[in-house]
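**Q** Just dropping this structure here.
What follows draws every value from the coordinates through simple rules; no lab data is involved. The structure displayed is predicted, hence computed values, not measured ones. Reconstructed Cβ throughout: ideal geometry from the backbone, glycine too, with neighbour counts over all protein chains shown.
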Amino acid sequence: MSAQSYQDSELYRIRHSLAHVMAEAVLERFPGAKIAIGPPIEDGFYYDFDLPQAPTDDDLKWIEKRMKKIIGGNHAFEQQEISAEDARQLFKDQPYKLELIDDLVNGRVDENGEQIAEPAETLTIYTQNKFVDLCRGPHVESTKNLNANAFSIRHRPVAGAYWRGDEKREQLTRIYGTAWPTPDELKDYLHQLEEARKRDHRVLGEQLDLFIIDPLVGKGLPLWKPNGAILRDTLERWLRQLQIDSGYQPVISPHIGNLELYKTSGHYPYYKESQYTPVDVDEEKYLIKPMNCPHHIMIYKNDLRSYRDLPVRFAEFGTVYRYEKSGQLSGLVRVRGFTQDDAHIFVTPDQLLDEFKGVVKLFQTVFDTLGMTDFRARVGIRGEGDKYQGSDDLWQKATDAILAACQDLNLNHTVEEGEAAFYGPKLDFVLRDALKREWQLGTVQVDYNLPERFELEYVGEDNARHRPVMIHRALFGSVERFVGILIEHFAGKFPAWLAPVQAMVIPVADGHNEYAHSIAAELREAGLRVGVDDGKGRMNKKIREARGLHIPYMLIVGDKDIEAGTVSVRLRTDEDLGALPRADFKALLLEKDRTRALELA
């Protein structure tokens with residue numbers, strides 16, 4: 001459902017109305033509390049409060065019970081237009097509402113003082129039962145339209161939220177709710193939420209010893225432990241080889257750059273809010289690298305190229321740094337330092353369509369290999385406003401090329417206005433994971449504008465200078481975010497070719513340790529990742545521990561295996577493959593590596 005259709009839906013009105021019902025119940029539980037805002041969101045609603053103390057689980061139970069009682073009262077949601085003076089009197093004890101009233105009356109302005117909303121002559125309030133809120137709606141007709149058994153406010157922890165998203169303002173208490181048309185849909189959602197908690201990459205990242213985020217290093221700056229580094233390196237090696245096979249050339253760029261570089265590209269000051277403050281170096285200003293494309297452009301520009309040299313495909317796993325507010329950081333999926341599998345392709349206009357289609361096919365190869373086949377494509381085109389750079393003609397050419405590629409490849413896609421990058425339209429891939437949650441992953445963008453800004457050229461067949469077209473492309477997007485999504489998609493149970501430890505050799509007793517280590521050495525020599533658990537614990541405990549780490553294969557070895565030269569193979573699913581000759585198991589695991597198989601048996 002698009003954002004606009006959701007806002008027009010009955011479900012949106014249900015959730016918005018329940019936010020008001022919740023606020024009424026909270027004010028009854030905490031007399032004198034201050035109310036801020038309470039909008040519907042993608043999977044429910046929330047309301048921000050200034051409370052005398054943090055609500056306990058008992059408070060939430062009381063509030064939810066009271067909400068059901070209010071719903072049963074069949075109270076109408078009544079709309080009324082009032083003057084600003086009357087609104088200020090009505091909300092005289094509510095400072096956050098008074099601030100909102102001033103914004104509405106004066107007309108909202110952005111941080112630069114530019115008017116972004118016209119001043120309002122009258123204001124709208126909604127009343128239900130004993131609760132009145134400053135609100136433009138929409139709402140359901142009455143609480144009788146709300147199902148008391150189809151909502152919950154205890155599915156998600158209470159959180160802190162800065163007023164107006166400003167870290168320098170008051171910190172409020174945000175209480176979340178979720179609501180659905182029927183109790184069965186609520187039950188399905190809560191089940192999915194529980195499954196998501198089990199798959200939370202932050203929890204599994206700790207359990208599987210993959211990564212940490214230490215406050216002494218800094219928020220949003222993950223540290224990869226050996227298991228996580230192996231997982232990440234395996235992914236990167238695979239993608240590097242795919243790119244080399246597809247004609248990409250590796251490049252490396254520095255972690256900082258002269259501020260003038262990013263002014264030329266237009267990224268500064270366009271992305272100024274998400275960039276770190278420039279620093280002075282030898283009377284020049286330098287910026288921590290927020291993106292890789294200007295660097296790749298300068299590598300292209302260093303040599304005069306012929307049309308015979310194009311396409312030129314540069315690829316880099318380039319680490320960039322962007323400022324994210326601390327409240328928005330989340331494990332690996334929202335960080336401040338991340339590595340993009342970035343590539344920039346320089347083509348002649350005649351090569352654009354075929355090259356774009358080649359990039360899309362590479363995306364499909366990546367997703368197919370990982371078993372992530374449930375995805376859709378989203379074409380982001382220019383919207384209203386003056387943030388977009390370049391001429392209408394160039395934008396139209398770029399948009400036409402993307403749409404033609406989608407049509408030629410029979411790619412299921414939607415066109416969404418306002419989703420373009422500031423320099424050109426783009427095609428995003430939106431994946432649905434094992435829990436049917438959507439994640440925006442890779443992106444490919446067509447750009448006529450940066451070649452103009454940097455005056456890029458190639459010599460055409462006519463010996464004249466021409467302007468190339470540029471394609472921006474990231475298959476994983478952010479390696480950190482992609483790994484976080486993979487952890488949750490596979491619930492930490494990676495296919496054997498990706499697993500940090502592919503097999504654990506478990507000797508039955510101390511007398512079998514030497515044989516266990518000889519097996520591990522043989523497998524490691526073949527390039528496989530194998531451990532040996534020769535500790536003092538019992539065999540069954542070692543099996544449970546290996547299973548808890550989601551290691552694909554457990555090789556249990558005892559007297560009979562030593563005598564026969566075999567390993568007794570058990571899968572993490574508890575399936576028993578029985579005794580296999582050492583060479584046969586090595587061949588099996590090598591084949592899983594070679595084919596990047598998703599199944600274990």
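**Q** Quick one: which of 547-554, 214-221 comes out on top by average Cβ neighbours within 10 Å, and what's the full order, highest first?
**A** 547-554, 214-221
**Q** I'd like the Karplus ³J(HN,Hα) series for the range 91-97: coefficients 6.51, -1.76, 1.60, θ = phi - 60°, whole numbers in Hz, and an x wherever there's a Gly or Pro.
**A** 10, 4, 9, 10, x, 6, 5
**Q** Once you list every other residue whose beta carbon is under 14 Å from the beta carbon of GLU170, what net charge do they have if Lys and Arg are +1 and Asp and Glu are -1?
**A** Residues close to GLU170 contribute a combined charge of +1.
**Q** Once you have a ≥ b ≥ c as the square roots of the Cα gyration tensor eigenvalues for the chain, tell me rounded if a/c is under 1.5, and otherwise prolate or oblate according to whether a/b is larger than b/c.
**A** In terms of gyration-tensor shape, oblate.
**Q** For a protection proxy built on the mean count of beta-carbon atoms within 10 angstrom, sort 512-520, 171-179 highest first, please.
**A** 171-179, 512-520
**Q** Please give, to one decimal in nm, the separation of the simple spin-label points placed at GLU283 and ASP368, each 7 Å out from Cα toward the Cβ.
**A** 5.9
**Q** Step through the table entries LYS198/LYS325; LYS263/LYS426; LYS219/LYS493; LYS536/LYS586; LYS97/LYS130, compare each Cα-Cα distance with 20 Å, and write down the pairs that go over it.
**A** Cα-Cα > 20 Å for LYS198/LYS325; LYS263/LYS426; LYS219/LYS493; LYS536/LYS586; rest within.
**Q** Give me the extension gain from ALA148 to ALA33: residue separation times 0.36 nm, minus the current Cα-Cα distance, reported in nm with one decimal.
**A** Gain in length upon complete extension: 38.9 nm.
**Q** Which net charge results when you count Lys and Arg as +1 and Asp and Glu as -1 among the other residues whose beta-carbon is under 12 Å from that of TRP62?
**A** +2
**Q** Counting Lys and Arg as +1 and Asp and Glu as -1, what is the net charge of the other residues whose Cβ lies under 14 Å from the Cβ of GLN328?
**A** Charge balance near GLN328 sits at +3.
**Q** Using θ = phi - 60° and the Karplus curve 6.51 cos²θ - 1.76 cosθ + 1.60, what whole-Hz ³J(HN,Hα) does each residue of the range 304-312 get, with Gly and Pro shown as x?
**A** 7, 10, 8, 4, 5, 7, 8, x, 9
**Q** Right, here's the next one. Add -39500 (n - 2.57) for each DSSP H run of 4 or more in the chain, then divide by its residues: what number comes out at 222 nm, to the nearest 500 deg cm²/dmol?
**A** Computed mean residue ellipticity for the chain: -11000 deg cm²/dmol.
**Q** Under 18 Å from the Cα of LYS61, which lysines turn up, not counting those fewer than eight places away in the same chain?
**A** Answer for LYS61, where 18 Å is the Cα cut-off: LYS69, LYS187, listed by chain and number.
**Q** How large is ³J(HN,Hα), in whole Hz, for each residue of the range 133-143 in order, when computed from phi with the Karplus curve 6.51 cos²θ - 1.76 cosθ + 1.60 and θ = phi - 60°, using x for Gly and Pro?
**A** 9, 6, 6, 9, x, x, 9, 6, 5, 7, 5
**Q** With unit charges on the beta carbons (Lys and Arg positive, Asp and Glu negative) and the dipole taken about the Cα centre of the range 259-353, which residue among GLY318, LEU287, VAL335 sits farthest to the positive side?
**A** The one lying farthest along the dipole's positive direction is VAL335.
**Q** Give me the percent relative contact order of the range 3-199, please, defined on Cα pairs under 8 angstrom at least 6 residues apart.
**A** It comes to 26 percent, rounded to a whole number.
**Q** Taking +1 at the Cβ of each Lys and Arg and -1 at the Cβ of each Asp and Glu, which of ILE485, THR399, VAL140 sits farthest along the dipole of the chain towards its positive end, judged by Cα position relative to the Cα centre?
**A** Checked the options; the winner is ILE485.
**Q** Further question on the same structure: Let's see if you can work this out: charge +1 on each Lys and Arg Cβ, -1 on each Asp and Glu Cβ, no other charges. What is the dipole magnitude of the chain about its Cα centre, in debye to the nearest 20?
**A** 1660
**Q** For the residue pair ASP103 and THR414, what label-to-label distance in nm results when each label sits 7 Å from Cα along the Cα-to-beta-carbon direction?
**A** 2.7
**Q** Can you compute the FRET efficiency between VAL459 and TYR276 using 1/(1 + (r/R0)^6), with r the Cβ-Cβ distance and R0 = 41 Å? Round to the nearest 0.05.
**A** Once the sixth-power term is evaluated, E becomes 0.55.
**Q** Going highest first, how would you order 85-93, 231-239, 437-445 by mean Cβ packing within 10 Å?
**A** 437-445, 231-239, 85-93
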